[in-house]
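Q: One structure, as structure tokens, below. Some questions next.
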């Protein structure tokens, strides 16, 4: 048995590492590393686990971004993906989730058939969680989001997953082909292997632009085609600085805090 | 819409490069050039001292936007019980409808089976009307079933604005519906405005935005959807100018529900969906309610949160003791969740839960922007941290620089005598 799997991944700035310049109130982004989006690493790992079990499985990673996003594809191949495709074109720039899903769905269509698409639930820079479901919609396939557990049914045509909810989870059976979006609870992503890195850098990596995808740059992809636009953007106003409680002993610190809270009538 | 550099005016000062959150500007010789990462966020326009960067606006599209009226909110129910966020959205939707015009209404959309009893609650919390969509196949949420009926109903009634709670269900359903309608969707909004004047009021009070370019008397009634972006480092206001409906998911716990008015009545629209077994390609085998302790961070008056500064997972034992003593619930930073010290359900912040308790105790939390985004509207923030330079102190009302393992046990020990301590200071 072999599966054809597509993994959608995104290169993102590590938003944990970003700080705001305390005086200019602007983002400091120097030295902020670009990383494989966390949930996407879980998406890839689940595909790799299937390949561990069914070695003839073929995994293609698709990413959309600037030329340097090829580093992400190398990382994914070094983890064990078979190949990677970069969607990169000025005409794709500024795409919102609707337009991004048009481009990625077109790329998946161009690749031909597949059994499973794994994507991360959401990317840490945009936090929309919209692109996965919107790709599924464009491809006309069913989806399960927030996947926390995955298994292939004995008929090899259905999948059973756990879908996390705020107050529990659902066990869902879904037919293939389908889209599944992964959360952290699904698995623990493996590391790149040394041999994998050597092999990955030697691999051919197609770069597809809007023309290759056959998408209409006025109506389907890019900033102008996107139904949503940025109206304004700004940094949140910082809250005024409060009081630092002074004291010689830990008890004094605790007492003075409690006095202040009492004074404010919050306790 | 696109950002353009006026070559004649650009002097190559690189101010825009530094301001750009998306690395979307390159230097080609002494000229700034916009690359494909640009999202037209406008940050560069504001910093350019030479007016060398402009945004080119395009003409309005040919779509007839005036055919769309009223505000719809998805009144999410699970097992016949309305989610809190549904009531919050009814309140917010009503506010927005009144901003649109005197005759615009807010409708609560109830989807399910045998749930018509919920309409009373919707009316009592402020809905002008309800849209009832009931069918045996809608008993439980399925992406396919709910998307189909919601899409069909929107096409039939053409609401101008559609809001969903940004729950695990809302964030599954809304993107599918929006994609099928070929309209825009803004994720996880924390602020919505229709009138420019109310947007300006909000921006002046809460942001660093220069509002001088906004005309409060403008007749622009497009939905201005504000959300944290870039891990909460940046706020973006998104519009959907050319397509309808304007759709958004809204973060639970942020909008205010209206006071309940018992006996309130409203219009009932019954929509009969067309739905068959073959429309639904997933099967729910079982719904499992979490056996783990349910963390209701959004409803808590007091939250005691722990972060990486706890040093190891057992630190949450102390945080738990602290929370038990003060009648609060346990929260955490993303770093502590990522480290595997505590379940994600406790996470406060941009990718976790947004909270606004009466008191937020941040213990060993450095205060990454993404955490601050989820808790800085708390009434009182108390920070306990060893590092006096930790950013958490920038937002704290009360800061204690010290060892949390020593300070917190003292607070626990003294908690019940707070009244006496305070009395003593008055004498």
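The values are calculated or read from the model by the stated rules, or taken from the named source; none is laboratory data. On a predicted model such as this, the values are computed, not experimentally measured, just so you know. Note that each Cβ is placed from the backbone with ideal geometry, even for glycine, and that neighbours are counted across all protein chains shown.
Q: Name the residues in the stretch B:201-222 that are part of a loop (DSSP other than H, G, I, E, B) and away from chain A (no Cβ under 11 Å), would you?
A: Across the stretch B:201-222, the qualifying residues are B:215, B:216, B:217, B:218, B:219, B:221.
Q: In the stretch B:103-140, how many residues are within 23 Å of the chain's Cα centre (by Cα) and farther than 25 Å from residue B:244 by Cα?
A: Of the residues in that region, 1 qualify.
Q: I've got another one for you. Condition test on residue B:382, is it facing another protein chain (nearest Cβ under 7 Å), free of Cβ contacts under 8 Å to residues at least 24 places away in the same chain and either at negative phi or surrounded by 23 or more Cβ atoms within 10 Å (Cβ to Cβ) (or both)?
A: So residue B:382 passes the test.
Q: Further question on the same structure: Going through B:111, B:85 one at a time, which residue ends up being over 28 Å from residue B:234 (Cα atoms) and either more than 14 Å from chain A (Cβ to nearest Cβ) or crowded, with 20+ Cβ neighbours inside 10 Å (or both)?
A: Step by step, each of B:111, B:85 is checked, and only B:111 is over 28 Å from residue B:234 (Cα atoms) and either more than 14 Å from chain A (Cβ to nearest Cβ) or crowded, with 20+ Cβ neighbours inside 10 Å (or both).
Q: Just to check your reading of the model, which residue among B:97, B:32, B:75, B:52 is more than 26 Å from the chain's Cα centre (by Cα), buried (at least 23 other Cβ atoms within 10 Å of the Cβ) and more than 11 Å from chain A (Cβ to nearest Cβ)?
A: Just a single option satisfies the conditions, and that option is B:32.
Q: Which residues, counting only those in the stretch B:275-291, are at pLDDT 95 or above and in a loop (DSSP other than H, G, I, E, B)?
A: The answer is B:275, B:276, B:280, B:281.
Q: While we're here: Does residue B:192 satisfy the condition of being in contact with a strand residue (DSSP E or B) (Cβ under 7 Å, 6 or more places away or on another chain), part of a loop (DSSP other than H, G, I, E, B) and surrounded by 20 or more Cβ atoms within 10 Å (Cβ to Cβ)?
A: no
Q: When only residues in the stretch B:256-306 that are more than 14 Å from chain A (Cβ to nearest Cβ) and within 21 Å of the chain's Cα centre (by Cα) count, which is surrounded by the fewest Cβ atoms within 10 Å (Cβ to Cβ)?
A: B:256
Q: In addition: How many residues does the stretch B:326-345 contain that are in contact with a strand residue (DSSP E or B) (Cβ under 9 Å, 6 or more places away or on another chain) and farther than 23 Å from residue A:128 by Cβ?
A: 11
Q: Do you know which of the residues in the stretch B:9-29 that are without any contact (Cβ under 8 Å) to a residue 24 or more places away in the chain and more than 26 Å from residue B:240 (Cα to Cα) is nearest to the chain's Cα centre (by Cα)?
A: Among them, the one singled out is B:17.
Q: Looking at A:202, A:241, which is the one that is more than 10 Å from every other protein chain (Cβ to nearest Cβ), free of Cβ contacts under 8 Å to residues at least 24 places away in the same chain and under 40 Å from the mean Cα position of the chain (by Cα)?
A: Every option except A:202 fails the conditions.
Q: Also, quick follow-up: Can you tell me which residue among A:213, A:180, A:257, A:186 is within 7 Å of chain B (Cβ to nearest Cβ), buried (at least 22 other Cβ atoms within 10 Å of the Cβ) and either more than 30 Å from residue B:243 (Cα to Cα) or in contact (Cβ under 8 Å) with a residue 24 or more places away in the chain (or both)?
A: Residue meeting the stated conditions: A:257.
Q: Residue B:361: touching a strand residue (DSSP E or B) at 6+ places or on another chain (Cβ under 9 Å), touching a residue at least 24 places away in the same chain (Cβ under 8 Å) and more than 9 Å from chain A (Cβ to nearest Cβ), yes or no?
A: When the stated conditions are applied, residue B:361 passes them.
Q: Moving on. Based on this model, can you work out whether residue A:93 counts as facing chain B (nearest Cβ under 8 Å) and on the phi > 0 side of the Ramachandran plot?
A: no
Q: Residue B:198 fails exactly one of the following numbered conditions: (1) facing another protein chain (nearest Cβ under 10 Å); (2) modelled with pLDDT of 95 or more; (3) under 20 Å from the mean Cα position of the chain (by Cα). What is the number of that condition?
A: (1)
Q: Has the stretch A:51-62 got at least one residue that is in contact (Cβ under 8 Å) with a residue 60 or more places away in the chain, farther than 19 Å from residue A:12 by Cβ and surrounded by fewer than 22 Cβ atoms within 10 Å (Cβ to Cβ)?
A: Looking through the stretch A:51-62, none of the residues is in contact (Cβ under 8 Å) with a residue 60 or more places away in the chain, farther than 19 Å from residue A:12 by Cβ and surrounded by fewer than 22 Cβ atoms within 10 Å (Cβ to Cβ).
Q: Another question, then. For residue B:423, all conditions in the list (1) in contact with a helix residue (DSSP H, G or I) (Cβ under 6 Å, 6 or more places away or on another chain); (2) surrounded by fewer than 21 Cβ atoms within 10 Å (Cβ to Cβ) hold save one; what is the number of the exception?
A: (1) is the only condition that residue B:423 fails.
Q: Then there is this: For residue B:397, state whether it is surrounded by fewer than 22 Cβ atoms within 10 Å (Cβ to Cβ), more than 10 Å from chain A (Cβ to nearest Cβ) and under 30 Å from residue A:124 (Cα atoms).
A: Here the answer is no, as residue B:397 does not meet what is asked.
Q: Need at least 2 residues that are modelled with pLDDT of 95 or more and touching a helix residue (DSSP H, G or I) at 6+ places or on another chain (Cβ under 6 Å) per element, so show me which strands (runs of 3 or more DSSP E) inside the stretch B:1-118 make the cut, counting only ones lying wholly within it.
A: Those strands (runs of 3 or more DSSP E) span B:71-74, B:106-112.
Q: State yes or no: is residue B:183 closer than 22 Å to residue B:281 by Cβ, within 14 Å of another protein chain (Cβ to nearest Cβ) and at pLDDT 95 or above?
A: Here the answer is no, as residue B:183 does not meet what is asked.
Q: Considering only the stretch B:156-169, state which residues are touching a strand residue (DSSP E or B) at 6+ places or on another chain (Cβ under 8 Å) and either over 19 Å from residue B:142 (Cα atoms) or more than 10 Å from chain A (Cβ to nearest Cβ) (or both).
A: If the condition is that a residue be touching a strand residue (DSSP E or B) at 6+ places or on another chain (Cβ under 8 Å) and either over 19 Å from residue B:142 (Cα atoms) or more than 10 Å from chain A (Cβ to nearest Cβ) (or both), then B:156, B:157, B:159, B:160, B:161, B:162, B:163, B:164, B:165 are the ones that fit.
Q: Would you check if residue A:154 is in a loop (DSSP other than H, G, I, E, B) and more than 22 Å from the chain's Cα centre (by Cα)?
A: yes
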